[in-house]
1. Report the gain in length on full extension from A66 to K193: 0.36 nm times residue separation, minus Cα-Cα distance, nm rounded to one decimal.
2. Which part of region 277-301 falls in the paramagnetic zone of S118, meaning amide N under 13 Å from the point 7 Å along Cα-to-beta-carbon?
3. Counting other Cβ atoms within 10 Å, which GluC sites (Glu not before Pro) in region 133-211 have at most 14 and lie in a DSSP loop?
4. Go through region 125-132 residue by residue and turn each phi into a ³J(HN,Hα) via Karplus (6.51, -1.76, 1.60, θ = phi - 60°); whole Hz please, and just put x for glycine and proline.
5. Computed FRET efficiency, Cβ-Cβ of D131 and I88, R0 25 Å: what is it to the nearest 0.05?
6. Where both partners of a DSSP beta bridge lie in the chain, what percent of those bridges are antiparallel, to the nearest 5?
7. For Cα pairs less than 8 Å apart in space and 6+ apart in sequence, what is the mean separation divided by the residue count of region 130-211, i.e. the relative contact order in percent?
8. Kindly write out, for region 146-162 in residue order, the coupling ³J(HN,Hα) from the Karplus curve 6.51 cos²θ - 1.76 cosθ + 1.60 (θ = phi - 60°), rounded to whole Hz, with x marking Gly and Pro.
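All of the numbers you see were taken from the coordinates with simple rules; none came from a lab. The model shown is predicted, which means the values in this text are computed figures rather than measured ones. So basically every Cβ, Gly included, is an ideal-geometry build from the backbone, and we count neighbours across all protein chains shown.
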Amino acid sequence: MEFNHISVLLKESIDFLNIKPEGFYVDGTLGGGGHSERILQMLQTGKLIAFDRDKDAIEAAEKRLAQYKDKLIIVHDNFRNLKENLEILKIDKVDGIILDLGVSSYQLDTAERGFSYSYDAPLDMRMNEEDEFSAYNVVNEYTKEELANVIYKYGEEKWAKRIAEFIVERRPLNTTFELVEAIKAAVPKSARKSGPHPAKRTFQAIRIEVNKELEGLKEDLCSMAECLNEGGRFSVITFHSLEDRIVKEAFRKLENPCECPPEFPVCVCGKKPIAKVITRKPVLPSKEEIEKNPRSRSAKLRVAEKI
């Protein structure tokens, strides 16, 4: 299957980076290569370091971006290991970082990857197919309490306990459609008449758990910001409230890292601001973009600048 993915908030996220032709930039979520391509088009002597956990994404991006290979370094790794990889590449600091969090359209639409409740496939959901841990392990090996916690915490699903009970009763579950049927049976018919697909929140939660998408994300974002040169920008696109909340909190901590008790009249911890927030409110996709790409509907962009 061709790696099709429409980059969300493409113009806005790249414009905020203030690309310098000679600068060094990081795309922490290469995906379909849309954001990377836009950056590479603006570079002359600069370099782009692009990260992805998905080998399918890397293979497709290498073809799409072949004409820019002299300006592009692709790393098969999690963006959270940015600092270590920059050290290996002997790059001290970069001038901008972009992250497009979440799952790509390719991953959702490739049935055998098991990300979507719309296709019948083995329970997988691994962004890095070299990982051993998959959705099958979460669905079939977690206790009822652990499952309910994951579904509630990462899916914000009010029927989490009931869904977990139905999953445990029907185990073993081997495919996405078996999981969907368990979820549908658990969610009352009255709750299925409106709103998103009844399996949407549970599938999101299991995917997040499998790939540890939110685990330590706030700390990782703060660490990544330290890899920026003064004036360097950090653009982060999120797709659900949990991600956005973490990004907002991380940027707030970068802007005000003081750990003194609120009753202290002056700061004595000595922690200085690392960055300033550029977007006080998140940037949202336009009506036109949502019409062209309905999956952009929930996207939010936040930007910070290193000081």
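1. 41.0 nm
2. Residues 293-296 fall inside that zone.
3. E156
4. 3J(HN,Hα) across region 125-132, in whole Hz: 6, 7, 6, 9, 5, 7, 5, 8.
5. Efficiency, rounded to the nearest 0.05: 0.70.
6. Given both bridge residues lie in the chain, the antiparallel proportion sits at roughly 40 percent.
7. Worked out over region 130-211, it gives 39 percent.
8. Karplus values, whole Hz, x for Gly and Pro: 5, 4, 4, 5, 4, 5, 6, 5, 9, x, 6, 9, 5, 9, 4, 5, 5.
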